[in-house]
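Below: one structure in structure tokens.
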Amino acid sequence: MPELNTNAGYNYEVFVSYRKWKIEKWDGWMQMFVTMLTTYLAPCIGSGAVYVDYERAEGGVDWPEHLAASLARSKVMLAVLSKDYFRSDWCKLELELMLRRQELMKGAGGQGDAIRLVIPVVIHDGDSFPEEVRRIQQIKFHDHADPNMRRPSKEYRDFCAQVRNVVCPAIEEALTGAPHFDPAWVEMARVKFDSRFRCGDGSQSINTSI
């Protein structure tokens, strides 16, 4: 994807974090969701501004460094959350890193608690999430997370309307508060990914003090 120059150092406006199940219908739903997202966001952020990994190869030698750099160079995160999301070490670390950045930025430059770098879209559960995640304002998307959705249909139109009228405005608002890029984020992410996947830490809790 082409590098953006909205702020020096950033490559992407939005990093999409989600649990990959390798189930054809769910993969199709996720691609449809991201397609709608990028379509409706284009007038605001242009094309090529959303990072999403459809082909995650968890055994890839260079993958942690690639993923860490992409996350570090994204302004905000859209996290597609489910109960199973928190069983993935990859997903948990992506979320930890962006929440840590958010905590570091709060209070800096007079921004206070207004800064919001993580937009959670909940497609399943929500009650069993870690406490620190439940405290974040969430977008409830349960009714629209149907892998058997047909086009055209009322269900599909409602799905599109929810992306356009709820999810995209939340992202656009978050982008207005995104901080200037800090090169230290790249090294922090690289070290944490390297450490996590060499040590095999599979705890469920989200650690924002990394």
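Can you tell me which condition Leu41 does not meet? The list is (1) surrounded by fewer than 14 Cβ atoms within 10 Å (Cβ to Cβ); (2) at negative phi, and all the others hold.
Failed condition: (1).
Related question: Criterion first (closer than 30 Å to Lys140 by Cα and buried (at least 18 other Cβ atoms within 10 Å of the Cβ)) does Ala161 satisfy it?
No: the conditions fail for Ala161.
Out of all the residues in segment 193-207, which are hydrophobic (A, V, I, L, M, F, W, C), modelled with pLDDT under 85 and under 20 Å from the mean Cα position of the chain (by Cα)?
The first filter runs over segment 193-207 and keeps only residues hydrophobic (A, V, I, L, M, F, W, C), leaving 193, 197, 199, 206.
Among the residues that remain, those that are also modelled with pLDDT under 85 are: 197, 199, 206.
Within segment 193-207, Phe197, Ile206 qualify.
Answer yes or no: is there a residue in segment 49-68 that is out of contact with any strand residue (DSSP E or B) (no Cβ under 7 Å at 6 or more places or on another chain), within 15 Å of Ile119 (Cβ to Cβ) and either among the aromatic types (Phe, Trp, Tyr) or touching a residue at least 60 places away in the same chain (Cβ under 8 Å) (or both).
Looking through segment 49-68, none of the residues is out of contact with any strand residue (DSSP E or B) (no Cβ under 7 Å at 6 or more places or on another chain), within 15 Å of Ile119 (Cβ to Cβ) and either among the aromatic types (Phe, Trp, Tyr) or touching a residue at least 60 places away in the same chain (Cβ under 8 Å) (or both).
Quick test for you: out of Arg157, Arg87, Arg134, Arg190, pick the one residue that is more than 14 Å from the chain's Cα centre (by Cα), basic (Lys, Arg) and farther than 30 Å from Trp63 by Cα. If you could, list the steps in order and put the result at the bottom.
Working: Arg87 fails: farther than 30 Å from Trp63 by Cα; Arg134 fails: farther than 30 Å from Trp63 by Cα; Arg190 fails: farther than 30 Å from Trp63 by Cα.
Of the residues listed, the single one that is more than 14 Å from the chain's Cα centre (by Cα), basic (Lys, Arg) and farther than 30 Å from Trp63 by Cα is Arg157.
Now, a different point. Go through (1) out of contact with any Lys or Arg (no Cβ under 8 Å at 6 or more places or on another chain); (2) crowded, with 22+ Cβ neighbours inside 10 Å; (3) modelled with pLDDT of 95 or more one by one and return the number of the condition Arg101 breaks.
The one condition Arg101 does not meet is (3).
Among the residues of segment 77-101, what is the count of those that are touching a His at 6+ places or on another chain (Cβ under 9 Å) and polar (S, T, N, Q)?
Step one: filter segment 77-101 for residues touching a His at 6+ places or on another chain (Cβ under 9 Å), giving 81-85.
Applying the additional criterion that residues be polar (S, T, N, Q) yields 82.
Total meeting the criteria: 1.
Let me ask something else. Specify which of the listed residues (Val14, Val61, Val50) is β-branched (Val, Ile, Thr) and either at positive phi or modelled with pLDDT under 90 (or both). Lay out the reasoning, then the answer.
Details: Val14 fails: either at positive phi or modelled with pLDDT under 90 (or both); Val50 fails: either at positive phi or modelled with pLDDT under 90 (or both).
None of the others qualify; the one that does is Val61.
The values are calculated or read from the model by the stated rules, or taken from the named source; none is laboratory data. Just so it is clear, the model here is predicted, and its values are computed rather than measured. Every residue, glycine as well, gets a Cβ built from its backbone with ideal geometry; the counts of neighbours run over all protein chains shown.
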